[in-house]
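Some notes on the structure that comes next.
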Amino acid sequence: MKAPTSTADRLQGFASWWRSPSPEGQAPMNRAQWLAVALAGVVAALVGLICLLIAASNLNIADTSRFLIFWSLLYLSIGVIGGITAELTRSVAAARAGWASGNVDHLSVSSAPDASSNPARSPLTNSALTLVPVMLVLFTVLALAGGSGLPLWRHALPAFTGDDQWGVAIAIFVGVIGYTGQAVIAGGLAGSKQWRFYAILLATEAAARLLMVAVAALLRLGLWGMIWGCAAAEFVWVVFWLTSRRVRRALGAPLDAGGWVLLRRCLGAMFSQGVNSVLVIGFPWLLGLTTKTNVLLTAAPLMLAITLTRAPIMVPLAAAYNVGVNFLAHRRPHWRPLVVIIGIIAGIGVILAILVGLFGQGLLNLVHPSYGLNPWLLIGLVGAATTIAILTFTSIAAQARGLYGWLLGGWLVAIVAAVLLLLLPVSLETRALLALLIGPILGAVTHLGRLLTGEKLNDAHDPTAANDDPTIAELPAG
């Protein structure tokens, strides 16, 4: 008799269905390349914080609340589209290595006069496929789907009413279309190992966003100037496309698969990126969907505090995400590194909580004199940021072990729990704090339950387990 299938097994099966294989024999980034990409990621995150601070300093509380909700939904949508970059990076790298089809010529996008003249053949379609038609198809699909879905988009925009809903929905739609081009180019550059150009593209897009928001503030263009400035910044890749031959060659890079195979993998990567982004980027939007408008328009101090208290712990962790996956993937499963690193994250959270309790209210007043929150609430928000960081780390561990179904399952548990807690009939601050504390804890427990169970089983069958004691000293410096 066939054993019953658990929910976790179904999730693991789903993850295996869409997950793209990794090409073997691919050399990892060296330290300089990793530092360039990590630095670009940190710069982009810090620039985002500066944009929010500029908005909060120049808009009233109601308009700042609206801007934070717009920002949340725009970059949640962009986070979903970012899954395309991850899959195209893998696909280009696999085609270059000749890993997927076994008959793909090794290419060098940086040196070939025309990468598309030596195309990979899809093992399923036996036809050439490069990034250019992929970009065109994505533009077409998103334009049709997004354009026809605008009436639904505008109803998903709390705090905006009437014609303003249409305006914001169109701005988000334009921003997503713009970022799609960058997602494809970034995938081509990363898959072709053009890491310096990849880092420059990331940093330039962030700089363009900051410039647009700053100009809107200086010219007193208000909320709408900042909204459309953010949308316009997502087209900065066009400058790279027009001026850089290397970028145009990267767009001619072949892929290792085509048609439905590539579509399946892209959809899976987008789903994974979206699940990971909901609580990290999209929480203000979730808060808006579960809160009455008159209350929401006063919530700018709370939403800004959530973002600011996360930054010191989440920005470095996000920059080191891929390094963490690589570090744990090349070591035998063991519970000690998990416990030690979670303890370090918790310790950092305690230190930050003390500092925020002492100085947090004063810093908020520097942003806007009317912003005021209870110091205990600020301390609680640091605790919530710590739980999100722990959930992110357990995600790193799950990905390193290849537990993709459990990786998704942990985030889904956290999201469902957070949404349910946001529906409680209590104050806005209490709902937000409970959702951000309890949701991530439940998600991390889901990850750890599988990680620790699997490692105990491994230890039971590994006669060298008693002599293998990885320590925190094995962590990469910095």
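We did not get these values from a lab; they are worked out from the coordinates using the rules stated. The model shown is predicted, which means the values in this text are computed figures rather than measured ones. Using ideal geometry, Cβ is built from the backbone for each residue, glycine included, and neighbour counts are taken over all protein chains shown.
Take the Cα of LEU358, step 7 Å toward its Cβ, do the same at LEU218, and the gap between the two points is 3.7 nm. Karplus-based coupling profile of segment 394-408, in residue order and whole Hz: 5, 5, 4, 5, 5, 5, 4, 8, x, 8, 5, x, 5, 4, 5, with θ = phi - 60° in 6.51 cos²θ - 1.76 cosθ + 1.60 and x standing for Gly or Pro.
Packing-wise, with mean Cβ within 10 Å as the measure, how do 399-406, 439-446 rank, highest first?
439-446, 399-406
Peptides 85-94, 52-61 ranked from most to least packed, by the mean per-residue count of other Cβ atoms within 10 Å: 85-94, 52-61.
At a threshold of 8 angstrom on Cα-Cα distance, excluding pairs fewer than six apart, so keeping six or more, what relative contact order does segment 28-291 reach in percent? With pairs under 8 Å counted, the relative contact order is 38 percent.
To make sure I understand, if each residue's beta carbon is the centre and we count other beta carbons within 10 Å, what order do LYS292, LYS193 fall in, fewest to most? Kindly include the intermediate steps, with their values, before the conclusion.
Values: LYS292 9, LYS193 19.
Fewest-to-most ranking of LYS292, LYS193: LYS292, LYS193.
Here the 3J(HN,Hα) profile of segment 245-253, calculated from phi with Karplus coefficients 6.51, -1.76 and 1.60 at θ = phi - 60°, is 5, 5, 5, 5, 5, 4, 5, x, 5 Hz, Gly and Pro shown as x. The slack in the chain from LEU144 to LEU289, taken as 0.36 nm per residue of separation less the alpha-carbon distance, amounts to 49.6 nm.
Look at the Cα gyration tensor of segment 206-317: its axes a ≥ b ≥ c give a/c of at least 1.5 with a/b at or below b/c, and that counts as oblate. Other residues whose C-beta falls under 15 angstrom from the C-beta of VAL239 contribute a net charge of +2, scoring Lys and Arg +1 and Asp and Glu -1.
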